[in-house]
C-alpha cells in the first residue's frame, strides 16, 4: 500500500516555488504543443455550443462551425419537451450530486478525522477495509447494489441513487491524509484541556482547519455524482427521476428514429455542461490538488 | 502498513485519546455514519452478489412432476461466465481499448504537465484551464459530443476530408472504433491527470532544477532526468486511476450505440452483465460476472501498486 500512501500524502506546508524566476525566452515548439492540446480539448465544447444554435434542418446541412438560426427555438423546444422534463432532470442531477456530495463530504470528514486523530481498537482494520474500498470502483458495485435495492424495495426511488453515492472510501482516505497533516495534535489537546467535548473540539477547532481538504473532496464527489451514469441507469425506470446523463442518453437513444430529438440532445448537452464548467473554473482556485498528487515520498 | 501510517498518529494523539479514565467512544461515533454506509452499500451488496452467484434454476424432482426452482448450484455460474464468448470477447475489446487509452492519457497528461512547468512555454493559464475543462463534461455527454463529431453528416472532420476528395472516415466501424472510443476517454481524462502531475511538479524544490540548469542541462534534460523521477508517485497514482477507469468503461460505448451498428450489446464486460441482468433476467449469472469483474479490478490494482513500489521506490 505504501506506493499509494506516499503518492497521496499532502505537503500542507508545500514548498511553493519562488514566483520570481527569470522567464526564459518562450520557444515555439513547446508552446505550440501545449496550445494544440488546449484546442483539442476545446473543439468538442465549441462544436456543441455552435451546433446548439442550429435548427434541426440546419444540423445536417450547413457547415459544421457555421452558427445557425434556431437557438431560441431549440431552447424553447428543450424546456417544453415532455412537460418540462429537461428542467426536472437538471433538478434531479442537482439533488443527486448536490445533496449526495455534501453528505459524503461530512461523513468522510468525520471518519477521516477519527482515523487520523484517535487511537482505538479496530482502527487499523477499518483503515484497511477503506483502502480495499478505494481500489474497488463503485461502478462494479452498481449491479449488486441494484439487486439489494430491489430486495428491500427501494429500487427506482431517489434514495436508490442518493444513498450509495454518500459513501466514498477515497473521500475518507483523502480526509484522513489531510487531517493528519493539517490538524496538529497540540491544538486538539489544548482544546481538550480547556474542557471542550470531543464533538466541540472537532466542530470548532478541527473543522475550520479541514476546510480546504473538504472543498477538494466535495468537488471530486460532486463531479463524480454529476457524471454518474450506470448507477441511475440501472436503478431508475421512471423518466421523471432521471438525472441529466440518463435523460440525455434516452433522448439520443430515441433520436435514431426521430432526428428532431438529436437537436434536443445537442442543446441539452450544451445547456447542461455550461454551469458545471463555470462552477469548476470558479472553485478551481480553492481546491487542494496537492492533496491528491501529494508530497513526494510522504 | 507504510512509513506514513506508522509515524502518522504521533505520540500526542496516543496520549490524548488513550488517556485513562476517558473511554474512547468519540472515534466510534465519528466513524459510525461512514461504517454503517460502508457495510450497507459495499459489504452487503458484495455479500449478496456472492450469495446470488452461487444460485440458479435447477429442475428438482423427477419425471413429469419436475419443477424448476432456485437452488444452490455451486460454481456453475462462474463456469458459465468464464466460458461465455460474449463476456470473454468483451475483455478482448477492453484490452484493445485500454492499450490505446491508458498510455495516451498518461503520456499526454505528463507531457502537458511538464510543458506547463517548463520555463520555455507561454499561454500557460489558458492552456491549463482549457485542457482541464473536459473533466467537467460527463462521460455520457462527452460521448454524445464526439459521436456527432464522428458521424459523417455532422462531422467537421468529414467536411475537410470530403473537400480534399478523400471521402469520409469510418470513425464508428472496423478497428477505427477502438481508437474513437478510446479518444473519448483520453479527452475526458487528460486534464485531471495533468493537474495531479502538475501539482506534484510544483512541489519539487526549485533548487533541484536550478542546480541542473547551472550545470548546463537543457529544459528537456531537466524534465526527463530530474522532474519525471521525482513525480513518479503521482504518475503511479494516475496510472491506477486510468487502469481502474478502463475496466469499468460502460457509458461511452453505450451512448455511441444508437449511432452505429458496430457496437454490440456485449461490447464490454459491464454491458454483458447489464444484458444478463436486465434483458435476460439471469441475475445469478450477472452477479457471478460482477464478482469476477470486481475481483479482477482489485487484483490488477494490487499488482500495479506492487510493481510500482518495486520500480519507483526500491524495495524499501
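Each of B:264, B:301 was scored by other Cβ atoms within 10 Å of its Cβ. Arranged with the fewest first, they read B:264, B:301. Size descriptors for the protein assembly as shown (Cα atoms only): Rg and Dmax, in that order, 25.6, 91 Å.
When only alpha carbons of region B:145-216 are considered, Rg and Dmax amount to 20.5, 56 Å. A Stokes-Einstein calculation at 20 °C with viscosity 1.002 mPa s, built on the Kirkwood radius of region A:96-153 over Cα pairs, returns a diffusion coefficient of 157 µm²/s.
State, as an integer percentage, the relative contact order of region A:116-192 based on alpha-carbon contacts under 8 Å between residues 6 or more apart. Don't jump to the answer; show the numbers that get you there.
Working: 26 pairs, mean separation 38.7, N = 77.
It rounds to 50 percent for region A:116-192.
In chain B, Cα pairs under 8 Å separated by at least six residues give a relative contact order of 25 percent.
What is the mean number of Cβ atoms from other protein chains located within 10 Å of the Cβ atom of each residue in peptide B:115-127, rounded to a whole number?
Working: counts 7, 2, 1, 6, 8, 9, 11, 8, 6, 3, 0, 4, 9.
Per residue, the average neighbour count from other chains is 6.
Rank by packing, highest mean first: peptides A:199-205, A:212-218, with packing defined as the count of other Cβ atoms within 10 Å averaged across residues.
Details: A:199-205: 16.1, A:212-218: 22.3.
Going from most to least packed, we get A:212-218, A:199-205.
Peptide B:290-298 has a mean of 4 when you count, residue by residue, the C-beta atoms of other protein chains within 10 Å of its C-beta. Rounded to the nearest 500, the 222 nm mean residue ellipticity of chain B from helices alone is -20500 deg cm²/dmol, with -39,500 (n - 2.57) taken per DSSP H run of at least 4 residues.
How do the peptides B:210-217, B:146-153, A:156-163 rank, highest first, by the average count of neighbouring beta carbon atoms within 10 Å per residue? List each step's numbers first, then the result.
Values: B:210-217: 12.5, B:146-153: 20.9, A:156-163: 18.2.
Highest mean packing first, the order is B:146-153, A:156-163, B:210-217.
Take each residue in A:245-252, count the other chain C-beta atoms within 10 Å of its C-beta, and the mean is 5. Here the contact order of region A:161-276, divided by its residue count and restricted to Cα pairs under 8 Å and six or more residues apart, works out to 20 percent. Each residue in A:104, A:272 was given a count of other beta-carbon atoms within 10 angstrom of its own, and listing them fewest first yields A:272, A:104.
Relative protection proxy for A:126-133, B:166-173, B:103-110, A:105-112, from highest mean packing down: A:105-112, B:103-110, A:126-133, B:166-173 (other beta-carbon atoms within 10 angstrom).
The ranking of B:235, B:100 from fewest to most other beta carbons within 10 Å of each one's beta carbon is B:100, B:235.
Bear in mind these aren't lab numbers, they're just calculated from the coordinates by the rules spelled out. Just so it is clear, the model here is predicted, and its values are computed rather than measured. Note that each Cβ is placed from the backbone with ideal geometry, even for glycine, and that neighbours are counted across all protein chains shown.
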